[in-house]
Amino acid sequence: MMMKPKIATASLAGCFGCHMSFLDIDERILQLIELVDFDKSPIDDIKEFTGRCAIGLIEGGCANEDNVHVLQEFRKHCDILVSVGDCAITGDIPALRNNIPLKECLEEAYLNGPTVYNPEKIIPNDKELPLCLDRVYPCNEVVKMDYFLPGCPPSGDAIWQAVVALLNNKPLDLPYELIKYD
Amino acid sequence: MGITKRVVIEPVTRVEGHGKVSLLLDENNKVTQARFHVVEFRGFERFIQGRPYWEIPVLVQRLCGICPVSHHLAAAKAMDRIVGADKLTPAAEKIRRLMHYGQMFQSHALHFFHLCSPDLLFGFDADPKTRNIIGVAIKYPELAIQGVMMRKYGQEIIKATAGKKIHGTGAIPGGVNKNLSIAERDIFLKDINQMFDWAKSALNIAKDYTLKNLDKLKPFASFDSNHLSLVRSDGAMDLYHGNLRAITADGKKIFDQVDYSNYCDYLTEEVKSWSYMKFPFIKSLGPKDGWYRVGPLARVNTCDFIDTPLAEAARKEFKALTGGKPNNITMAYHWTRMIELLHSIEKINELLHDKDLQGTDLVVKGKRRNEAVGLIEAPRGTLFHHYKVDDNGLIVMANLIVSTTNNNEAFNRSVQKVAADHIDGVAKITEGLLNHIEVAIRAYDPCLSCATHAMGKMPLIVTLYDHNGNEIDRKIKE
């Protein structure tokens with residue numbers, strides 16, 4: 001029996017909406033599990049890569065050190081890496097913080113907010129918390145990305161057609177109505 | 001001092017709330033500390049300052065791709081107040097309600113079928129290789145398809161009312177930007193009986209599971225707590241709008257019918273160094289006793305009745321279990337979530353038969369205000385949005401208490417309880433043990449759980465260190 005190609009997915013600094021949009025392929029998910037095996041992904045809970053992957057789908061940009069490590073792992077293990085959605089492509093909404101010093105963002109949330117109760121003026125700083133990066137980076141500024149699927153999020157149809165085309169070595173030629181930039 | 005072990009349970013590929021659990025054990029393997037950390041920070045409160053108010057309903061929903069409609073509507077409700085729209089037109093309010101019940105339906109179906117059914121069907125200790133939605137699809141294909149198709153139905157309703165399935169644009173300050181056409185309505189009416197049947201059967205699965213395993217579930221991750229939600233002015237469950245009610249673990253009212261614009265007078269949030277997620281509590285009770293739970297269990301506990309017949313019958317049956325008192329069993333979240341699933345489809349049915357949905361009067365405006373609060377009952381609990389806007393219409397202050405944050409203390413209590421009951425005194429960590437902690441957190445349907453195990457379950461690494469930080473044991477659960 002032919003080995004099925006593997007697919008892996010990750011969600012970095014995004015909202016998980018692109019993964020939800022992936023779920024919007026609805027009943028085609030049953031077709032998908034005939035076509036591919038899932039490797040590292042929230043889908044099946046595989047934590048370490050188990051082998052070479054044909055496709056890696058990345059949602060979200062890089063906002064902290066953990067995001068960078070995960071993205072580098074994906075580049076190492078995937079033949080084709082796709083930026084899925086606007087956060088991966090540009091940093092998008094999370095990158096609105098790039099024009100503001102990180103300190104101000106933290107102070108607003110933990111010191112200044114109208115419902116804050118913080119007599120000791122604590123800003124969360126435990127060693128269990130990963131370090132935030134100075135700004136939010138699009139994935140292609142951290143590793144080489146091979147394809148970019150725009151949209152916030154790209155529709156389930158767009159993700160489906162892109163994945164099927166890549167699996168079949170076909171050019172990624174999405175019809176006009178599936179390409180959205182919102 | 002004997003050897004202290006630090007156990008870290010860390011989900012790996014996280015976005016909407018990187019979460020982890022840390023446990024400290026003493027030389028006798030007794031748990032001395034158990035914490036649930038949220039390790040992600042984005043800074044929305046600050047970076048939306050300077051943006052125009054009309055942009056906020058579409059901007060802040062990008063907090064969460066799992067229930068964006070909640071943020072979209074909570075922000076829109078605040079912006080209604082900003083533009084002085086104190087009462088929406090019937091068409092606008094009903095379109096928004098339809099959108100909201102569509103989201104409730106899809107989100108609850110997603111959580112129950114895609115995320116939790118593997119635990120309930122296969123058991124907490126089942127083989128992790130099959131304990132996921134793909135395993136369910138192979139062993140129970142009909143059930144998996146029902147979950148997928150219910151979620152799809154809800155998503156299609158969101159698309160018809162908001163323009164897109166995820167991050168739509170339907171709600172605008174003062175109303176909505178489209179109504180529902182007859183053709184759109186008829187598509188939904190065609191399938192509604194099927195949805196009723198499936199929702200009823202989902203409720204039965206959750207109910208039967210809870211009753212069958214009651215002895216095991218009663219103590220599991222459970223504790224007495226206060227409960228908080230919006231209720232309608234007559235005490236009915238209302239997921240879109242109402243006033244704040246909080247009750248104690250045995251049903252005594254702490255406050256009732258509070259205008260949510262004054263939420264700051266009743267609630268506050270404690271900051272702790274070890275989590276980016278704050279710890280809300282009821283001011284009058286203080287941080288030690290004032291914490292509470294939100295979400296389906298809290299809503300079924302706080303409301304006096306549900307205004308749709310099938311869900312009301314289900315609520316009564318649920319309440320009978322505790323003699324009418326609030327239910328504090330953590331795993332009962334699943335049952336109550338399915339009561340709400342059924343309530344949502346009843347509401348959708350009601351709305352689809354309402355001619356106001358084809359109304360054309362969609363937006364109202366009044367006297368501009370510079371400050372407003374918007375609340376909604378999101379799938380995961382009460383969601384608070386609070387904004388101040390300057391005379392140019394730009395945001396100068398934003399305060400958000402998201403649903404999952406309200407349950408922060410409860411997550412920690414649940415983790416502590418599972419640790420005390422199942423880990424205390426145990427020298428060797430097992431995979432099944434890890435899943436017990438995961439099952440407890442998952443019962444609340446936290447947004448971070450959606451993010452972390454949206455289609456399956458959380459991958460976890462547990463590393464055991466000695467007091468010098470040397471790794472002595474490591475387990476990876478796949």
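Just so it is clear, none of the values below were taken in a lab; they were calculated from the coordinates. All values derive from a computational prediction rather than experimental measurement. Positions of Cβ are generated from backbone atoms using ideal geometry, with glycine treated the same way; all protein chains shown enter the neighbour counts.
The Cα center of segment B:102-134 and the Cα center of segment B:300-329 differ in position by 24 Å. Of the chymotrypsin sites (Phe, Trp or Tyr not before Pro) found in segment A:140-182, those in coil by DSSP whose Cβ has at most 14 other Cβ atoms within 10 Å are A:181.
Note on the protein assembly as shown: percent of Cα-Cα distances in each 10 Å bin, starting at 0 and stopping at the bin with the largest distance, equals 3, 16, 28, 29, 18, 5, 1, 0. A convex hull fitted around the alpha carbon atoms of chain B yields 135 Å³ per residue.
Taking amide H positions as modeled 1.01 Å from N, with prolines and chain starts lacking one, no residue 5 or more places away or on another chain lies under 5 Å from residue B:292.
Between the Cα long axis of helix B:431-443 and the first principal axis of chain B there is an angle of about 20°, rounded to the nearest 10. Quick check: the angle from helix A:65-77's long axis to the longest principal axis of chain A, C-alpha only, nearest 10 degrees? It works out to around 20 degrees. In chain B, the longest principal axis of the Cα atoms and the axis of helix B:182-212 are about 30 degrees apart. Applying both filters, DSSP loop and at most 13 other Cβ atoms within 10 Å, to the GluC sites (Glu not before Pro) of segment A:1-71 gives A:27, A:48. Rounded to the nearest 20 debye, the dipole size of the protein assembly as shown about its Cα centre is 480 debye, using +1 on the Cβ of Lys and Arg and -1 on the Cβ of Asp and Glu. On full extension, the segment bounded by residue A:180 and residue A:147 gains 10.4 nm, given 0.36 nm per residue less the C-alpha separation. Please tell me which of these pairs span more than 25 angstrom C-alpha to C-alpha: A:76/A:180; B:164/B:355; B:5/B:272; A:4/B:20; B:253/B:388; A:4/B:139? Flagged as over cut-off: A:76/A:180; A:4/B:20; B:253/B:388.
Placing one equal scatterer on every Cα of segment B:48-197 and applying the Debye formula, the log10 ratio I(q)/I(0) at q = 0.12, 0.20, 0.21 Å⁻¹ is -0.59, -1.12, -1.19. The calculated 222 nm mean residue ellipticity attributable to helices in chain B amounts to -12500 deg cm²/dmol, summing -39500 (n - 2.57) over DSSP H runs of n ≥ 4 and dividing by all residues.
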